[in-house]
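Worksheet for the structure shown next.
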């Protein structure tokens, strides 16, 4: 006779330790602000100073947060604190929630006053000399109480920050579709404003500064400054030098300040976006050489989040960008 089946004694699957509802009940937005400031400062004492709180209050808030998420977020040491693996995974979510909170505050303020708020802008070399300064001046005249915060960096840094909500807009040379990661590309939308050209420049006192005709062959023996290989202009740089190949003696840089310092009082020659070249030539720092055969630097414009409406302050800034871009485009 067959024995009866043994009863199923397997334990039911454990419920997840966290859910949206449980986190909503436990977490406080101030805890996220404290976490972000401690991470940015690398020190409880420095974070306390930035947030106008006492260090014991900061420590208590962190302990409560760590208890709520189920683990340590920082390793404490004599030289400060560093995020644990849990802290590193927690950080982008905290930053995204705080970015949304900032947008909520701006929306409320802008709805009430219409001219207040903050716009956080990421910029590249192609926009920092002409387009961005003019747009900021236009915004200042239209909405003087809007604060513009500018961060400079390459696309590889700026677009992830934009996708996470830490930037409101990125201004500069627009990347090709292949230059943006798939997940980011689906969340971003770009608008071209004008096409930028490349120019060859030297310091204002360079022996070639007053030449009316020049061929590339006359310049190949000089030290060059060219954009970096990851820049939007790199294909045009390669095409410009063509069969002659890239100069052996070259510095690759998209830092305007570095390039200006290198060109001042030296025999170097550089490739630079037209807007930047003209701005510094008008200021007496550079001279634009009459070299033909230069390609395009690329389309210049701005990129915003496609999945979220910009704040009222950002809308004002985008209008200023479009007006500045229209004026600059007429001169191209």
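The values are calculated or read from the model by the stated rules, or taken from the named source; none is laboratory data. A quick note: this is a predicted structure, and the numbers were derived from the prediction, not measured. Here Cβ is always computed from backbone atoms with ideal geometry, including for glycine, and neighbour counts include all displayed protein chains.
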From the list 134, 106, which one is in contact (Cβ under 8 Å) with a residue 24 or more places away in the chain and under 22 Å from residue 308 (Cβ atoms)?
106
Are any residues in segment 107-117 crowded, with 19+ Cβ neighbours inside 10 Å and either at positive phi or at pLDDT 80 or above (or both), and if so, which ones?
117
Being under 19 Å from residue 235 (Cα atoms), at pLDDT below 90 and out of contact with any strand residue (DSSP E or B) (no Cβ under 7 Å at 6 or more places or on another chain) is the requirement here; does residue 298 meet it?
no
Report, by residue number, each residue of segment 130-141 that is in a helix (DSSP H, G or I) and surrounded by 14 or more Cβ atoms within 10 Å (Cβ to Cβ).
131, 132, 133, 134, 135, 136, 138, 139
Quick one: which of 288, 226 is under 30 Å from residue 330 (Cβ atoms), touching a helix residue (DSSP H, G or I) at 6+ places or on another chain (Cβ under 7 Å), at pLDDT 90 or above and surrounded by fewer than 18 Cβ atoms within 10 Å (Cβ to Cβ)?
288
Considering only segment 196-210, I want to know if a residue exists there that is in a helix (DSSP H, G or I), surrounded by fewer than 20 Cβ atoms within 10 Å (Cβ to Cβ) and over 28 Å from the mean Cα position of the chain (by Cα).
no
Residue count, segment 265-278, condition surrounded by 13 or more Cβ atoms within 10 Å (Cβ to Cβ) and assigned to a loop (DSSP other than H, G, I, E, B), comes to 3
I'd like the full set of residues that are part of a strand (DSSP E or B) and closer than 30 Å to residue 212 by Cβ, limited to segment 286-332.
286, 287, 288, 289, 296, 297, 298, 300
For residue 262: the one exception among (1) in contact (Cβ under 8 Å) with a residue 12 or more places away in the chain; (2) surrounded by fewer than 18 Cβ atoms within 10 Å (Cβ to Cβ); (3) part of a loop (DSSP other than H, G, I, E, B)
(3)
Kindly check whether there is at least one residue in segment 278-289 that is under 16 Å from residue 172 (Cβ atoms) and outside the structural domain of residue 133 (by TED's automatic domain parsing).
yes
Top-ranked residue of segment 20-64 - restricted to ones that are outside any helix (DSSP H, G or I) and either surrounded by fewer than 16 Cβ atoms within 10 Å (Cβ to Cβ) or at pLDDT 95 or above (or both), ranked as nearest to the chain's Cα centre (by Cα):
42
Quick one: which of 38, 75 is in contact with a strand residue (DSSP E or B) (Cβ under 8 Å, 6 or more places away or on another chain) and either closer than 19 Å to residue 17 by Cα or touching a residue at least 40 places away in the same chain (Cβ under 8 Å) (or both)?
38
Scope segment 211-236; condition part of a helix (DSSP H, G or I) and without any contact (Cβ under 8 Å) to a residue 40 or more places away in the chain; matching residues
217, 218, 234
